[in-house]
Amino acid sequence: MFDYRQYSDECVKCGKCIPVCTIHQVNPDETTSPRGFIHLLGAYEKGKLDLDTNAKNIFESCFLCTNCTDVCPAKLPTDMMIEQVRYDIADRYGIAWYKRMFFWLLRHRKTMDFLAKLGYIFKSCAVKTIPEKSALLPRFSLPIVKSGRLLPSFKATSFLNKYPEKIQFAEENAEKPQRVAIFIGCMANYAYTEVGDSLLFVLKKLGIDVFIPKDQLCCGAPAYFTGDFPTVDYLIKNNIEYFETWLDDVDRILIPEATCSSMMINDWVHFLHDQPEWQDRAKKVVAKASIATDWLYKSTKLEELLKKKKAQPLSVTYHDPCHARKTQGVFKEPRALLKTTYKLKEMSDPNRCCGFGGVTMQTEKYEFSKAAGLPKAAMIEETGADIVAAECSACRMQLTNAMYQHGTETTFKHPVELIAEALR
């Protein structure tokens, strides 16, 4: 897919990427820096570097935050090169059993729904996970379960199973009622269902009809960032085929998740670059997709509606998800909506990555993820804000844990949740 040597030669080693690199901030080693990654990838393609376990460890240490591509004068696609080499890594070394299990579940919604109903077994949100030395902790426990760590728990009923497929909010006599579909994302579907609840409430207030596609699958981001391209291929194509059956009946596909919207809007078309027929079909889907706050701000009267409401007594600080600001250019819109009724307090570096980093970071390299999250928690605390918001459930999971580890008592809420509360 990539000519690694070309990009390696184009990199002038200026170092502008170093100060913003998330992994370099917590592990200041030249090998785990953007220019280090690019240099090693060039050596790999030239046959001077074997893809051994050491190289595997290095390439799996990238958070894929895209900070480097954001500041690179040559706009070198370091993140995409890392994603590609992870496919080579997965092909050579395979994928850990728990990741394979997780990705299999992403393909099989009904099985995932059944396991979600047993979510009470895994309740851990705002509660310490089982101590490491406890006799109750099975030896085969998942690597994501760490002592003292906060994890979200599944709700008994997922968002997709909670509501009917079609919901009419427009008035009966409306001439051309708007109708949107909701692509909810896995985390908001199973763990943070209040995001979907709030989005529906906002759309109700706006008088916009809603279609909830029941057979939607994962966007493919977790598998894509891990190198499981066969799973990505399956998920994208199944979603496209399903979306095509109702795409002409909706004005927009709203996605209240930064990672999911970025994956669909940016990465689906890129992933299918060598499958032109599928790529064209993906483009038609992508043309109707938007991250939620962007569309709500630009295409509805939501801001006008909010301005009629009384000011809320709470202050909010906003964290910019990497897959919203840097890959979609969305950061002004959620702030504009929030500041109509809430007092907005900016943290010192809202654009700094929270440190979620994907499945591998959250399991095998959790210490890196934890180290990246703590400075963010400190920034949030310094603002004195009551709430921290971000349009991303991955950021929510990471920041909630980071604030717990740091002792920060700020509450996390999705911006759509706050907007819904203001409308109430």
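Every residue in the range 83-116 that is within 21 Å of Asp50 (Cα to Cα) and of a type in the set (D, E, K, R), please.
Selection gives Glu83, Arg86, Asp88, Asp91, Arg92.
Find the strands (runs of 3 or more DSSP E) located wholly in the range 313-424 whose residues include 1 or more that are among the aromatic types (Phe, Trp, Tyr) and either surrounded by 22 or more Cβ atoms within 10 Å (Cβ to Cβ) or not assigned by TED's automatic domain parsing to the domain that holds Val195 (or both), and list them. Even if it seems obvious, please write down each step before you answer.
Details: elements: 315-318, 387-389, 411-413.
Passing ranges, in order: 315-318, 411-413.
So which of Ser348, Ser369 ends up being closer than 30 Å to Tyr87 by Cα, in contact with a helix residue (DSSP H, G or I) (Cβ under 8 Å, 6 or more places away or on another chain) and either modelled with pLDDT under 95 or of a type in the set (Ser, Thr, Tyr) (or both)?
On the way: Ser348 fails: closer than 30 Å to Tyr87 by Cα.
After ruling out the rest, the residue left standing is Ser369.
When the range 23-70 is examined, which residues are found to be basic (Lys, Arg) and outside any helix (DSSP H, G or I)?
Restricting attention to the range 23-70, the residues satisfying the condition of being basic (Lys, Arg) are 35, 46, 48, 56.
Passing the criteria: Lys46, Lys48.
Could we say that Lys117 is of a type outside the set (A, V, I, L, M, F, W, C), surrounded by fewer than 17 Cβ atoms within 10 Å (Cβ to Cβ), without any contact (Cβ under 8 Å) to a residue 24 or more places away in the chain and over 19 Å from Lys56 (Cα atoms) here? Outline the logic, then answer.
Numbers: of a type outside the set (A, V, I, L, M, F, W, C): yes; surrounded by fewer than 17 Cβ atoms within 10 Å (Cβ to Cβ): yes; without any contact (Cβ under 8 Å) to a residue 24 or more places away in the chain: no; over 19 Å from Lys56 (Cα atoms): yes.
When the stated conditions are applied, Lys117 does not pass them.
Has the range 199-220 got at least one residue that is among the β-branched types (Val, Ile, Thr), in contact with an Asp or Glu (Cβ under 7 Å, 6 or more places away or on another chain) and more than 22 Å from Asp267 (Cβ to Cβ)?
The answer is yes, given that some residue of the range 199-220 is among the β-branched types (Val, Ile, Thr), in contact with an Asp or Glu (Cβ under 7 Å, 6 or more places away or on another chain) and more than 22 Å from Asp267 (Cβ to Cβ).
For the subset of the range 1-14 comprising residues that are part of a loop (DSSP other than H, G, I, E, B) and within 13 Å of Leu76 (Cβ to Cβ), which member is modelled with the lowest pLDDT?
The extreme case among them is Phe2.
Any residue in the range 361-369 that is under 27 Å from Gln312 (Cβ atoms), β-branched (Val, Ile, Thr) and either in contact with a Phe, Trp or Tyr (Cβ under 6 Å, 6 or more places away or on another chain) or in contact (Cβ under 8 Å) with a residue 24 or more places away in the chain (or both)? Let's see the steps before the verdict.
Keep residues of the range 361-369 that are under 27 Å from Gln312 (Cβ atoms), which gives none.
No.
Going by the conditions given, is Thr259 out of contact with any Asp or Glu (no Cβ under 8 Å at 6 or more places or on another chain), surrounded by 16 or more Cβ atoms within 10 Å (Cβ to Cβ) and in the same structural domain as Gly207 (by TED's automatic domain parsing)?
Working: out of contact with any Asp or Glu (no Cβ under 8 Å at 6 or more places or on another chain): yes; surrounded by 16 or more Cβ atoms within 10 Å (Cβ to Cβ): yes; in the same structural domain as Gly207 (by TED's automatic domain parsing): yes.
Taking the combined requirement at face value, the residue satisfies it.
Would you mention how many residues in the range 234-255 are of a type in the set (Ser, Thr, Tyr) and either buried (at least 23 other Cβ atoms within 10 Å of the Cβ) or over 23 Å from Lys176 (Cα atoms) (or both)?
Pass one, the range 234-255, residues of a type in the set (Ser, Thr, Tyr): 234, 242, 245.
Subset that is either buried (at least 23 other Cβ atoms within 10 Å of the Cβ) or over 23 Å from Lys176 (Cα atoms) (or both): 234, 242.
Counting residues in the range 234-255 that are of a type in the set (Ser, Thr, Tyr) and either buried (at least 23 other Cβ atoms within 10 Å of the Cβ) or over 23 Å from Lys176 (Cα atoms) (or both) gives 2.
Residue check: is Tyr224 within 14 Å of the chain's Cα centre (by Cα), buried (at least 22 other Cβ atoms within 10 Å of the Cβ) and assigned to a loop (DSSP other than H, G, I, E, B)?
Details: within 14 Å of the chain's Cα centre (by Cα): yes; buried (at least 22 other Cβ atoms within 10 Å of the Cβ): yes; assigned to a loop (DSSP other than H, G, I, E, B): no.
Spelling it out, it is not the case that Tyr224 is within 14 Å of the chain's Cα centre (by Cα), buried (at least 22 other Cβ atoms within 10 Å of the Cβ) and assigned to a loop (DSSP other than H, G, I, E, B).
Return yes when Thr32 is modelled with pLDDT under 95, closer than 23 Å to Asp349 by Cβ and touching a helix residue (DSSP H, G or I) at 6+ places or on another chain (Cβ under 6 Å) and no when it is not.
Details: modelled with pLDDT under 95: yes; closer than 23 Å to Asp349 by Cβ: yes; touching a helix residue (DSSP H, G or I) at 6+ places or on another chain (Cβ under 6 Å): yes.
Against the criterion (modelled with pLDDT under 95, closer than 23 Å to Asp349 by Cβ and touching a helix residue (DSSP H, G or I) at 6+ places or on another chain (Cβ under 6 Å)), Thr32 qualifies.
Restricting the search to the range 5-20, which residues are polar (S, T, N, Q) and surrounded by 13 or more Cβ atoms within 10 Å (Cβ to Cβ)?
Step one: of the range 5-20, the residues polar (S, T, N, Q) are 6, 8.
Residue satisfying the conditions is Ser8 alone.
From the residues in the range 23-48 that are without any contact (Cβ under 8 Å) to a residue 24 or more places away in the chain and farther than 18 Å from Glu83 by Cβ, which one is surrounded by the fewest Cβ atoms within 10 Å (Cβ to Cβ)?
First pass over the range 23-48, keeping only residues without any contact (Cβ under 8 Å) to a residue 24 or more places away in the chain: 24, 28-30, 33, 36, 40, 47-48.
Going one step further and asking which of them are farther than 18 Å from Glu83 by Cβ, we end up with 24, 28-30, 47-48.
Details: His24: 24, Pro28: 11, Asp29: 11, Glu30: 10, Gly47: 7, Lys48: 9.
For the range 23-48, the residue satisfying everything is Gly47.
Can you say whether Val316 is modelled with pLDDT of 95 or more and closer than 26 Å to Gln398 by Cα, as far as the supplied structure shows? Lay out the reasoning, then the answer.
Numbers: modelled with pLDDT of 95 or more: yes; closer than 26 Å to Gln398 by Cα: yes.
Answer is yes for this residue.
The values are calculated or read from the model by the stated rules, or taken from the named source; none is laboratory data. On a predicted model such as this, the values are computed, not experimentally measured, just so you know. Cβ: placed from backbone, ideal geometry, glycine included. Neighbour counts: every protein chain shown.
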